[in-house]
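Just below is one structure, and these are the notes that go with it.
The values are calculated or read from the model by the stated rules, or taken from the named source; none is laboratory data. Bear in mind the structure is a predicted one, so any value in this text is a computation, not a measurement. Virtual Cβ from ideal backbone geometry, glycine too; neighbours counted across all protein chains shown. Heavy atoms of the whole protein, side chains included, go into the accessibility calculation; ligands, DNA and RNA do not. Shrake-Rupley method; radii C 1.70, N 1.55, O 1.52, S 1.80 Å.
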Amino acid sequence: MHIYRASIVHFPSTTREPSKEHCYYEDGGLLVEGTKILALDTYSVIKDSYPQARVHDYRGKLIIPGLIDSHVHFPQTEMIAGYGEQLMAWLENYTFPTEMKFAEPAYCNQIADVFLNQLLKNGTTTALAYATVHAHSVDALFSTAQSKNMALITGKTCMDFAAECPENLRDTADLAVKESEMLINRWHNNGRCKYAITPRFVPTSTGAQLGALGELASQYKDVFIQTHLSENKTEIEIVAARFPERASYLDVYDHYGLVRERAVFGHCIHLPESSWQTLSEKGASIAFCPSSNLFLGSGLFDLASANQYDIPTVLASDVGAGTSFNMLRTYGEAYKVCQLQQNPVDALSGLYMMTQGAAAAHGMEHEIGNLNPGTYADFVVLNPCYDELSALRNENAKQVSDVLFALSILGDDRAVEQTYVAGQEMLTPNT
Ligand code: GUN
Ligand code: ZN
């Protein structure tokens with residue numbers, strides 16, 4: 001048994017008011033046995049109850065739950081920070097040429113390792129990730145995650161509409177279903193892995209493919225669905241021109257049975273009123289990707305409306321369009337996006353959207369997202385004073401929300417002292 005002694009903050013249950021309903025111990029003790037959390041309390045209570053446990057002294061540090069990145073593209077790791085395009089040109093000029101390299105299985109393994117190391121370095125222990133159209137890219141990411149015992153969700157990106165994607169990144173409606181189902185059977189609930197049916201977005205799929213994937217989703221109700229929705233105005237015009245009979249972009253997905261619980265829609269920037277309503281009624285969630293939306297010039301996500309419609313909204317890096325793997329920094333960008341709309345979002349709400357709020361949106365709060373007894377020991381040790389400036393800023397910070405906010409704006413992986421996955425230290429000095 002191990003006791004981790006530090007300041008500790010988490011959200012033990014779901015809440016609409018994260019700034020009020022968080023649980024904080026100035027001098028806390030997190031008790032871990034094997035892969036799971038056994039108890040959380042003040043250090044003195046834990047130490048008195050388990051005097052034989054080994055103590056890891058992280059006083060002066062802050063323990064938070066392992067972070068969840070709810071929308072990220074693993075093959076795009078190497079193309080982060082590509083200059084000067086908006087969505088459709090960026091896909092054509094940067095994304096598709098990069099994703100073609102994943103036809104080579106050895107390359108998938110190589111990048112899967114780099115990608116997961118980047119997540120862990122930044123305190124992210126779970127991701128809802130896109131792979132490429134190649135089924136072996138999914139195998140590569142799942143098997144690398146499994147070797148680290150990470151809770152990972154991914155799926156084969158399906159695309160079959162010839163005019164919008166190059167031939168060697170295309171599948172068909174039949175092949176998309178056949179390969180996705182094979183991967184579901186191989187990986188869904190295999191250890192900590194879970195599968196996501198992944199049509200890239202409406203422009204790259206035929207109606208036949210979307211319908212076939214909707215049918216598959218109805219057969220596997222606890223499998224995730226992930227896709228993109230209403231990120232960019234040109235994208236929306238393409239969808240409207242191809243599906244004039246549908247009331248909106250979301251209505252295309254809905255028509256084909258792809259809007260339901262455990263469906264996560266990335267972006268959702270330019271939504272008509274009816275789409276907020278549908279997302280809310282169907283229990284779907286939204287991945288808010290602020291650094292990506294600023295980078296591609298896509299627009300400002302309206303978090304106030306998402307909250308008003310009670311749609312679970314989770315934070316996400318969306319690397320390669322996103323500009324950092326760091327989820328605290330991603331919240332820092334969300335703060336700025338919301339500031340531009342006179343709706344500042346506080347740091348504890350930000351932390352919630354990458355921990356308990358995300359876990360609850362994904363129906364996984366019994367295993368990740370909080371530090372409750374019985375969940376996996378996925379947690380992060382933050383050092384709020386990792387350099388001269390952060391020390392100057394944080395040494396006198398009185399409140400945990402202030403420390404988290406400063407780390408989110410200064411946003412740096414140097415603040416991540418250690419990341420634990422299922423009770424194991426994941427960072428070595430040269431990670
Ligand atoms: N829409 C369709 N594919 C993508 C992608 O890879 N990144 C982003 N940001 N938007 C998309
Ligand atoms: Zn994306």
query: Within the stretch 55-74, whose backbone N sits under 17 Å from a point 7 Å along Cα→Cβ of ASP41?
result: 55
- request: Calculate the length of the line joining the C-alpha centroid of the stretch 376-403 to that of the stretch 150-216, in whole Å.
  value: 40
- prompt: Taking only Cα atoms, what is the 0 to 90° angle, nearest 10, from helix 400-410's long axis to the longest principal axis of the chain?
  reply: 50
- request: Grab the DSSP H runs of the chain that are 4 residues or longer, score each as -39,500 (n - 2.57), total them, divide by all residues and round the 222 nm result to the nearest 500 deg cm²/dmol.
  value: -10500 deg cm²/dmol
task: State the Cα centre-to-centre distance between the stretch 318-375 and the stretch 1-68 in whole Å.
output: 19
Solvent-accessible area per residue for the stretch 81-205 (1.4 angstrom probe, square angstrom): 34
message: Before I look further, what does the stretch 1-50 give for accessible area per residue, probe 1.4 Å, in whole square angstrom?
response: 48
task: Quickly rank 350-358, 222-230 as a protection proxy: mean count of other C-beta atoms within 10 Å, highest first.
output: 350-358, 222-230
Helix 233-242 vs. the chain, principal-axis angle (Cα, 0 to 90°, nearest 10): 40
- prompt: Carbon-plus-sulfur fraction of the accessible area of the stretch 15-93, 1.4 Å probe, in percent?
  reply: 47
- prompt: With Cβ to Cβ distances under 10 Å as the rule, what net charge do the other residues near GLY29 carry (K, R +1; D, E -1)?
  reply: -1
query: In degrees, nearest 10, range 0 to 90: what is the angle between the Cα axis of helix 173-187 and the longest Cα principal axis of the chain?
result: 20
